[in-house]
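For reference, the structure discussed in these notes is given below.
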Amino acid sequence: MAMPEALLEDLPPRWRQKPHPKQAELSMLAFSADELLADISAAGSSNFRVVWSFAFIDSLAFIEDDPESRTARITLHSVLNHPSTPLQVIAGIFKHEVLHLTVRPREIDGKLITHPPEFWEKERELIPEMSEVWFWLWISFHSAMKRDEKRERMVINAKRAREIIHFGSFFYGGGVLEFTDQVDQEMLADAQQSLL
Ligand SMILES: [Zn+2]
């Protein structure tokens, strides 16, 4: 189970009344993402209780939070729900999302910016492995990923994502590519500064 029942019951009322539009999925990951997230959110010291789930969404990942109840939920795209997805990739995404709880969006030139400069600064400091994470994501899902600068997110094309999910692990970098620091610099340049 991606999300224990007890945690679901504890979600803020607005989530209980209005269920998440996408149905949560069983995790196919080769490790416990619940434990991973528990460690990461404890280290993030934001005092938010963070839960997570997979769903077929239109971006790679996002976090929703309710400051009143200090509860947050991370949703990861279903393309990541595969035994080949490295722990480092899920950890990097979790760390990025949890960082949003301490480095908050703010207004710059009249526009609410989710990733202000201080966010990227903190990310470089606290999650130096993020470039390797993006490298793996780019290799694995570039056919389905498109950067949306304006909305500060990585859009996942639904048709391509279904192809990746249904046509099997051939498309998954994890099957052929080791998670490694042997990063191809050209690929990395493409993948860098990508947005979650
Ligand atoms: Zn983000």
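The values are calculated or read from the model by the stated rules, or taken from the named source; none is laboratory data. Keep in mind that this is a model prediction, so the values were computed, not measured. All Cβ positions, glycine included, derive from the backbone under ideal geometry; neighbour counts span all protein chains shown.
Pull up segment 96-119, narrow it to residues that are more than 8 Å from the ligand (Cβ to nearest atom) and in contact (Cβ under 8 Å) with a residue 12 or more places away in the chain, then point me to the one that is surrounded by the most Cβ atoms within 10 Å (Cβ to Cβ). The selected residue is Val98.
If you check Ser140 against the conditions, is it at pLDDT below 90, among the small types (Gly, Ala, Ser) and within 13 Å of the ligand (Cβ to nearest atom)? Considered against the rule, which asks whether it is at pLDDT below 90, among the small types (Gly, Ala, Ser) and within 13 Å of the ligand (Cβ to nearest atom), Ser140 comes out as no. Within segment 25-42, the set of residues being touching a residue at least 24 places away in the same chain (Cβ under 8 Å) and out of contact with any Lys or Arg (no Cβ under 6 Å at 6 or more places or on another chain) comprises Glu25, Leu26, Ser27, Met28, Leu29, Ala30, Phe31, Ala33, Asp34, Leu36, Leu37, Ser41. On the given criteria, is Ser59 away from the ligand (no atom under 15 Å from the Cβ) and of a type in the set (Gly, Ala, Ser)? Spelling it out, it is not the case that Ser59 is away from the ligand (no atom under 15 Å from the Cβ) and of a type in the set (Gly, Ala, Ser). Among the conditions (1) modelled with pLDDT under 95; (2) surrounded by fewer than 23 Cβ atoms within 10 Å (Cβ to Cβ), Thr85 misses just one, which is (2).
A single member of Pro86, Pro67 is more than 16 Å from the ligand (Cβ to nearest atom) and in contact (Cβ under 8 Å) with a residue 60 or more places away in the chain, and it is Pro86.
Scanning segment 84-131 for residues that are charged (D, E, K, R), assigned to a helix (DSSP H, G or I) and in contact with a Gly (Cβ under 8 Å, 6 or more places away or on another chain) turns up just one, Lys95.
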